[in-house]
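Asks: Mind looking over this structure? Questions follow.
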Amino acid sequence: MPTDLPVALTIAGSDPSGGAGIQADLKTFHQFGVYGEAVITLLTVQNTQRVDRVECMPVDLVLAQLRAVVGDIAPQAAKTGALGNADLVHAIAAELFDFPLIVDPVMISKHGAPLIAEDARRTLAQELVPRAFLLMPNIPEAESLTGTAIQSVDDMKRAAESLIGMGARNVLIKGGHLEGRAVDVLLTGGRFHALSADRIDTPHTHGTGCTYSAAITAELAKGSTLPHAVAHAKRYITEAIRTNPGLGHGCGPVNHFASEARAKRPPPVRRAQE
């Protein structure tokens, strides 16, 4: 094993169907040539059609996992996914990380099941958002965090500025819930960048947010700049959706085997109008 193998960590929930959560994260890390570690925050009973149960892990068990892996095989970057409750959010936010932390504020599953308690949303906004090197909500999550409606790219920009004001160093708002092309807005270094891709008409989008954030985490672990990491990940998730394997009888997973060769040709990152 090479001694310079990049390491990425996911702190997230488990999806036994393999499309989202730590399973999607680890598949993505592997596809990007990064060694993956996983700290499990909650267990779900779900498949492509429904979520039947969500059980959070005890805080001491989650922290023991986290400290065990960080103290032995320290990652170059980490991400959070579903954290479940306020105690877990508070405990993870209180840990000291000397590597970039990507916060994917997973609040609701693709099936509409809540993956975080209401009081935990406030704790996330107050305690974890300020710890984020990159905060990357989708539009409903950004609306929940900022308390404002988002109906356009301009609204996305304003929400990103609000989230920077809440303490996040950089913000990426995913625009998949808007009509038209899938446009994401990245705010970094005081500048907006827009990343656009064709919208793909498919029900098989389970785990897209997890996979997207894991791809960014992997690229950061390899030393990429944030704009390059986001552009590369955007290309990868678009290809993963386009080539989805069509598994399951509901909202199926994306293709985590999507060609990294294609993903290495990132979409153009253009400066959005200020």
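The values are calculated or read from the model by the stated rules, or taken from the named source; none is laboratory data. The model shown is predicted, which means the values in this text are computed figures rather than measured ones. Here the Cβ positions follow ideal geometry from the backbone for every residue, glycine too, while neighbour counts run over all protein chains shown. These accessible areas exclude ligands, DNA and RNA; they are computed on the full protein's heavy atoms, side chains included. Shrake-Rupley method; radii C 1.70, N 1.55, O 1.52, S 1.80 Å.
Asks: Let me confirm something: among Leu61, Leu101, Leu88, which residue is modelled with pLDDT of 95 or more, among the aliphatic types (A, V, I, L, M) and touching a Phe, Trp or Tyr at 6+ places or on another chain (Cβ under 9 Å)? Reasoning before the result, please.
Replies: On the way: Leu61 fails: touching a Phe, Trp or Tyr at 6+ places or on another chain (Cβ under 9 Å); Leu88 fails: touching a Phe, Trp or Tyr at 6+ places or on another chain (Cβ under 9 Å).
Answer to the selection: Leu101.
Asks: Would you check which residues across the stretch 72-107 are out of contact with any helix residue (DSSP H, G or I) (no Cβ under 8 Å at 6 or more places or on another chain) and charged (D, E, K, R) and list them?
Replies: Asp72, Asp98
Asks: Next question, about the same structure. List pairs: first in the stretch 29-40 and over 16 Å from Leu61 (Cα atoms), second in a helix (DSSP H, G or I) and open to solvent by 40 Å² or more (accessible area, probe 1.4 Å), Cβ under 9 Å, 6+ apart or cross-chain?
Replies: Gly36/Leu26; Gly36/Lys27; Gly36/His30
Asks: Could you check, for the stretch 55-66, whether at least one of its residues is within 23 Å of Thr208 (Cβ to Cβ) and in contact with a helix residue (DSSP H, G or I) (Cβ under 6 Å, 6 or more places away or on another chain)? Give the derivation first.
Replies: Of all residues in the stretch 55-66, those within 23 Å of Thr208 (Cβ to Cβ) come to none.
Looking for residues that are within 23 Å of Thr208 (Cβ to Cβ) and in contact with a helix residue (DSSP H, G or I) (Cβ under 6 Å, 6 or more places away or on another chain), one finds none in the stretch 55-66, hence no.
Asks: For Val185, state whether it is under 28 Å from Pro6 (Cα atoms), outside any loop (DSSP other than H, G, I, E, B) and touching a Pro at 6+ places or on another chain (Cβ under 9 Å).
Replies: On the way: under 28 Å from Pro6 (Cα atoms): yes; outside any loop (DSSP other than H, G, I, E, B): yes; touching a Pro at 6+ places or on another chain (Cβ under 9 Å): no.
Criteria not met by Val185.
Asks: Ok, one more. Could you please tell me which pairs satisfy a Cβ distance under 8 Å, a separation of 6+ or placement on different chains, a first residue in the stretch 146-168 that is part of a helix (DSSP H, G or I), and a second residue that is among the charged types (D, E, K, R) and open to solvent by 50 Å² or more (accessible area, probe 1.4 Å)?
Replies: Matching pairs, first to second residue: Ala159/Glu143.
Asks: Of everything in the stretch 197-233 that's more than 18 Å from Phe29 (Cα to Cα) and touching a residue at least 60 places away in the same chain (Cβ under 8 Å), which residue is least open to solvent (accessible area, probe 1.4 Å)? Outline the logic, then answer.
Replies: Our first condition is that a residue be more than 18 Å from Phe29 (Cα to Cα); within the stretch 197-233, this holds for 197-205, 227.
After this cut, where a residue has to be touching a residue at least 60 places away in the same chain (Cβ under 8 Å) as well, the list is 197, 205.
On the way: Ala197: 12, Thr205: 32 Å².
In this case the residue turns out to be Ala197.
Asks: In addition: When only residues in the stretch 28-78 that are among the acidic types (Asp, Glu) and loosely packed, with under 14 Cβ neighbours inside 10 Å count, which is farthest from Ala117 (Cα to Cα)? Don't jump to the end; show me each part of the working.
Replies: Of the stretch 28-78, the ones among the acidic types (Asp, Glu) are 37, 52, 55, 60, 72.
From the residues that got through so far, the ones that are loosely packed, with under 14 Cβ neighbours inside 10 Å too are 52, 55, 60, 72.
On the way: Asp52: 16, Glu55: 12, Asp60: 19, Asp72: 32 Å.
The selected residue is Asp72.
Asks: Still on this structure, please answer the following. How about the stretch 88-98: which of its residues are out of contact with any strand residue (DSSP E or B) (no Cβ under 8 Å at 6 or more places or on another chain) and open to solvent by 20 Å² or more (accessible area, probe 1.4 Å)?
Replies: Listed by number, the residues that qualify are His90, Ala94, Glu95, Leu96, Asp98.
Asks: While we're looking at this one, here's another question. For the condition within 24 Å of Gln76 (Cβ to Cβ) and modelled with pLDDT under 95, what is the one hit in Arg169, Arg199, Arg265, Arg181? Before you say what the answer is, go through the steps one by one.
Replies: Numbers: Arg169 fails: modelled with pLDDT under 95; Arg199 fails: within 24 Å of Gln76 (Cβ to Cβ); Arg181 fails: within 24 Å of Gln76 (Cβ to Cβ).
Selected residue: Arg265, the only one of Arg169, Arg199, Arg265, Arg181 that is within 24 Å of Gln76 (Cβ to Cβ) and modelled with pLDDT under 95.
Quick grid of which residues meet (1) in contact with a helix residue (DSSP H, G or I) (Cβ under 7 Å, 6 or more places away or on another chain); (2) farther than 20 Å from Gly21 by Cβ; (3) in a helix (DSSP H, G or I):
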site	(1), (2), (3)
Ala215	yes, no, yes
Pro227	no, yes, yes
Val230	yes, yes, yes
Ala240	yes, no, yes
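Asks: Could you please find all residues in the stretch 11-22 being among the polar types (S, T, N, Q) and without any contact (Cβ under 8 Å) to a residue 40 or more places away in the chain?
Replies: As a first pass, look at the stretch 11-22 and keep what is among the polar types (S, T, N, Q): 14, 17.
Within the stretch 11-22, Ser14 is the sole residue that qualifies.
Asks: Moving on to the next point. Could you tell me whether Ala68 is free of Cβ contacts under 8 Å to residues at least 12 places away in the same chain and of a type in the set (A, V, I, L, M)?
Replies: Working: free of Cβ contacts under 8 Å to residues at least 12 places away in the same chain: yes; of a type in the set (A, V, I, L, M): yes.
Judged against the criteria, Ala68 is a match.
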